[in-house]
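Below is one structure, written out as structure tokens; the observations come after it.
The values are calculated or read from the model by the stated rules, or taken from the named source; none is laboratory data. Everything numeric here is computed off the predicted structure, so don't read it as measured data. Counting neighbours? That spans all protein chains shown, and the Cβs are built from the backbone with ideal geometry, glycine included.
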Amino acid sequence: MKVDGGCHCGYITFEAEADPEKVSICHCTDCQTGTGSAFRVSVPVPGDQFKMTGTPTAYVKTTADSGNPRVQAFCPKCGSPIYSTTPGEGKQAAYMLRVGILKQRDQLVPKRQNWFRSARPWVTGMDAIHKNPKQA
């Protein structure tokens, strides 16, 4: 499905193609810290179908469990998280877009929860969503 959205202040806008069946929640402690919340909701989009205006600020975070580097991109003006991807020059193979900044977020219902072993104990009401003890 076609998705579009932007950061809170409107400096960054984008459009992409996303598969609603691949929306996931991540409960890992990196995502909790990076969102300032209990979890992060993302959807992968192919790099060749991701078009963005504005230039995000990015940094590389080495993930806690796998040790893999991930680029974390956010708006330099308002701080809205935009995506993560693999490091490298040029267009990436895929981006993990943050669902909360998509206009279609109501249609992007999570289908799986990853790193559920790190979920905050008070996170309830999501029992119907598939749970993985680690990243799937």
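Tabulated results
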| quantity | calculated |
| --- | --- |
| Some residue of the range 1-10 being more than 12 Å from the chain's Cα centre (by Cα), outside any helix (DSSP H, G or I) and at pLDDT below 95 | no |
| Among residues of the range 17-73, those that are in contact with a Ser or Thr (Cβ under 6 Å, 6 or more places away or on another chain) and hydrophobic (A, V, I, L, M, F, W, C), counted | 2 |
| In the range 55-64, residue surrounded by the fewest Cβ atoms within 10 Å (Cβ to Cβ) [restricted to those that are in a loop (DSSP other than H, G, I, E, B) and polar (S, T, N, Q)] | 55 |
| Considering residues of the range 71-87 that are small (Gly, Ala, Ser) and not in a loop (DSSP other than H, G, I, E, B) only, the residue nearest to residue 16 (Cα to Cα) | 84 |
| Residue list for the range 90-111, restricted to those being among the basic types (Lys, Arg) and not in a strand (DSSP E or B) | 91, 103, 105, 111 |
| Single residue of the range 75-111 satisfying the filter (of a type in the set (D, E, K, R) and under 13 Å from the mean Cα position of the chain (by Cα)) that is surrounded by the fewest Cβ atoms within 10 Å (Cβ to Cβ) | 105 |
| The range 112-125: number of residues that are surrounded by fewer than 15 Cβ atoms within 10 Å (Cβ to Cβ) and either under 17 Å from the mean Cα position of the chain (by Cα) or in a loop (DSSP other than H, G, I, E, B) (or both) | 6 |
| Test for residue 67: is it modelled with pLDDT under 95, loosely packed, with under 15 Cβ neighbours inside 10 Å and not in a strand (DSSP E or B) | yes |
| Unmet criterion (only one of (1) modelled with pLDDT under 95; (2) touching a strand residue (DSSP E or B) at 6+ places or on another chain (Cβ under 9 Å); (3) under 16 Å from residue 116 (Cβ atoms)) for residue 29 | (2) |
| The range 20-54, subset without any contact (Cβ under 8 Å) to a residue 24 or more places away in the chain and in a loop (DSSP other than H, G, I, E, B), residue surrounded by the fewest Cβ atoms within 10 Å (Cβ to Cβ) | 36 |
